[in-house]
Amino acid sequence: MRKALFPAVITLITLTVLVGTTGCGSGATQASPLRFGGPKSGAALHATPPGKRSLVQWPTRPISFEEESRVGGAGENTPIGVTTLHGPRSGFTGKVWVWAPPEYYEKRNAHKGFPVMEALPGAYGFPVNYWIGSDLKLEENLARWSKNGTSLPFIVVMPVLNPNDKQYYDGSDIPGQPKIGTWLSQDVPDLVRQNFRTLKTRDAWAIMGSSSGGFAALKNVLQHPDTFKVAIPNGPDIVPDSPLWNGHAGAERENNPEVLARRLIARGGPPVYLAFQDGSQEHTVLPKVRRFIARYGHGPVHTRLQVVPGGTHSAETYVQGLGEGTMRWVSARMQGPTA
């Protein structure tokens with residue numbers, strides 16, 4: 001199931017990756033520097049004025065990103081940047097792409113923090129994250145939807161999903177393997193906080209993914225509800241199934257969304273919001289998603305299912321679903337740009 005979710009353009013995207021890109025979460029200088037947190041974003045780094053309480057999390061350690069491409073159309077020629085992040089918590093090193101919406105650069109928003117969406121691809125999601133691709137137009141659509149009021153203007157961060165294209169790591173810390181769970185839930189969000197104007201609340205953090213990335217999104221919001229309030233699991237796997245779990249049944253259980261959902265319900269929260277998306281032709285995945293919603297979609301676990309008519313297990317289907325209701329539902333439950 002997972003291997004089928006590569007867009008046809010993935011080979012072309014791979015060829016555009018800047019092979020010489022370097023960088024790190026603690027700071028690294030690159031050619032053609034691109035900074036999001038400093039003056040180029042419309043606001044210099046500074047603290048909240050004395051006596052004023054603010055939700056804004058100002059950038060703490062901005063680095064220079066390499067410009068990967070420009071987003072045209074409704075994206076108003078906004079840049080996608082890329083860096084190589086040496087995760088201080090996970091110890092894993094991988095590529096991360098970032099994009100800020102047009103509103104982020106507007107003078108009227110120079111003192112506002114913005115909501116964040118971590119977007120994970122399907123399949124192996126290595127060596128690139130396909131959400132940067134001009135074929136899917138995720139950024140262009142998000143910019144258009146924020147302009148017409150059907151979505152909040154999200155900062156989008158797009159890390160690699162796995163450390164290679166040989167195994168699936170289930171977005172988790174599998175014993176003896178690279179700590180991909182820590183990479184996705186701590187190192188990548190920390191990179192965003194260090195470089196962008198964000199918000200000091202879980203209400204401004206969402207995580208989206210497709211197929212294997214959908215599993216990672218579902219698992220992470222249930223496992224880390226203190227970090228993420230919303231997940232958008234697209235055609236997700238429901239339970240861990242990496243062969244690397246063999247011999248680690250206890251750890252596998254700790255990363256099982258069904259177990260995590262039961263625990264969250266038992267303790268009464270905090271509330272999380274799961275915006276599932278599936279194509280109507282996903283005959284294997286869709287019944288599993290419906291069963292999960294029926295069993296666990298109550299109490300603090302709020303769920304919604306967007307079924308795309310004629311849709312398949314594909315990123316194109318999920319972008320369509322985002323525009324047909326998912327982003328409106330998600331945005332209504334999140335914190336928008338705030339000073």
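Derivation of every value follows stated rules applied to the coordinates shown; laboratory data play no part. Because the structure is predicted, anything quoted here is derived from the model rather than measured. Every residue, glycine among them, receives a Cβ derived from its backbone with ideal geometry; neighbour counts consider all protein chains shown.
Numerical summary
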read-out: Of all DSSP beta bridges in the chain, antiparallel share, percent nearest 5; value: 50
read-out: All-pairs Cα distance distribution in region 60-160, expressed in whole percent, bin size 5 Å; value: 2, 12, 21, 26, 19, 12, 6, 2, 0
read-out: Mean residue ellipticity (222 nm) of the chain, computed from DSSP H runs ≥ 4 via -39,500 (n - 2.57), nearest 500; value: -6500 deg cm²/dmol
read-out: Convex hull volume per residue in cubic angstrom - Cα atoms of the chain; value: 129
read-out: Quotient of C-alpha Rg and 2.2 N^0.38 Å, computed over region 57-110; value: 1.34
read-out: Length gained when the stretch residue 106-residue 281 is fully extended (0.36 nm per residue, less Cα-Cα span); value: 58.9 nm
read-out: Lys pairs under 14 Å by Cα in the chain, provided they are eight or more residues apart or on distinct chains; value: 6
read-out: Highest-first arrangement of 302-313, 258-269, where packing means the average Cβ count within 10 Å; value: 302-313, 258-269
read-out: Amide hydrogen neighbours beyond the local backbone of residue 303, cut-off 5 Å, H modeled; value: 274
read-out: Karplus 3J(HN,Hα) series, Hz, for region 273-286 with 6.51 cos²θ - 1.76 cosθ + 1.60 (x for Gly, Pro); value: 10, 10, 9, 5, 9, 8, x, 5, 8, 7, 6, 8, 6, 4
read-out: Exposure proxy order (Cβ contacts within 10 Å, fewest to most) of 130, 105; value: 105, 130
read-out: Computed lengthening from residue 265 to residue 61, 0.36 nm per intervening residue step minus Cα-Cα distance; value: 69.7 nm
read-out: Region 230-339 - convex hull of the alpha-carbon atoms, volume per residue in Å³; value: 136
read-out: Translational D in µm²/s for region 181-244 (Stokes-Einstein at 10 °C, 1.306 mPa s, Kirkwood Rh from C-alpha pairs); value: 131
